[in-house]
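Nothing in this text is a laboratory measurement; each read-out follows from the coordinates by a stated rule. Remember, predicted model here, so these are calculated numbers, not experimental data. Note that each Cβ is placed from the backbone with ideal geometry, even for glycine, and that neighbours are counted across all protein chains shown.
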């Protein structure tokens, strides 16, 4: 019969908060002094002003993603092209709704990818396999959503473009 020592059955060491001196000594994370957090809706804020300020923060996040992420600018350009093509082809309201849902899905996924990259970069400046996994999975989610967008676009645009293409070929 195999015996198990107490060290093999002891619960794992409790997790420490990231950035504690113990973690910093191991070289896992730098110690970053706490920064004041902007909190909308505090006791001194008016409820309407705090609510409106939350839109400013959200717009700032959207603008940051557009300004700093090349792929977001590519998605935005393709979204504008899809909308222009939809107008030219006189898409139905339901078709336009589907296009807007798909565009929003790709944009939101790209924004979450940006969040994942920022959080990983904040947590560590060194290579770590889990950091790579987090970034790769977030990028994979964007890729999968972009593929879905292409498939949906084919289903919506091809039936409108096919007769036009046949008409142009008969000339």
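Please give the contour-minus-distance gain from residue 78 to residue 155: 0.36 nm per residue of separation, less the Cα-Cα distance, rounded to one decimal in nm.
On the way: separation 77, 0.36 × 77 = 27.72 nm, distance 1.66 nm.
The residue 78-residue 155 span can extend by a further 26.1 nm.
How many nm separate the modelled label positions at residue 143 and residue 97, each set 7 Å beyond the Cα in the direction of the Cβ?
Inter-label distance under the simple model: 3.3 nm.
Between residue 171 and residue 88, what's the calculated FRET efficiency when r is the beta-carbon distance and R0 is 25 Å? Round to 0.05. Show your work: numbers first, answer last.
Details: r = 19 Å, r/R0 = 0.77.
With R0 = 25 Å, the Cβ-Cβ based efficiency is 0.85.
Short version: what are the Cα gyration tensor semi-axes of the range 115-156, square root of 5 times each eigenvalue, largest first, in whole Å? Please report the intermediate quantities before stating the final value.
Working: eigenvalues 180, 15, 4 Å².
Those come to 30, 9, 5 Å.
Could you pull out which residues in the range 57-91 have an amide N less than 14 Å from a spot 7 Å beyond the Cα of residue 164, following the Cα-Cβ vector?
Residues 81-91 qualify, since their backbone N sits under 14 Å from the label point.
Provide the convex hull volume over Cα atoms per residue for the range 70-170, in Å³. If you can, show how the numbers build up before the last one.
Numbers: hull volume 10.5 nm³, N = 101.
Output value, Cα hull per residue: 104 Å³.
Could you rank the peptides 108-115, 138-145 by their average count of other C-beta atoms within 10 Å per residue, with the highest value first? Can you show the working numbers first?
Numbers: 108-115: 18.2, 138-145: 15.8.
Highest mean packing first, the order is 108-115, 138-145.
May I ask you to sort 65, 124 by Cβ crowding, counting other Cβ atoms within 10 Å and putting the fewest first? Before the final figure, lay out each step's value.
On the way: 65 21, 124 15.
Final ranking by Cβ density, sparse to dense: 124, 65.
Taking 22 Å as R0, compute the FRET efficiency from the Cβ-Cβ separation of residue 68 and residue 136 and round it to 0.05. Each step should come with its number before you reach the end.
Values: r = 20 Å, r/R0 = 0.89.
It comes out at approximately 0.65.
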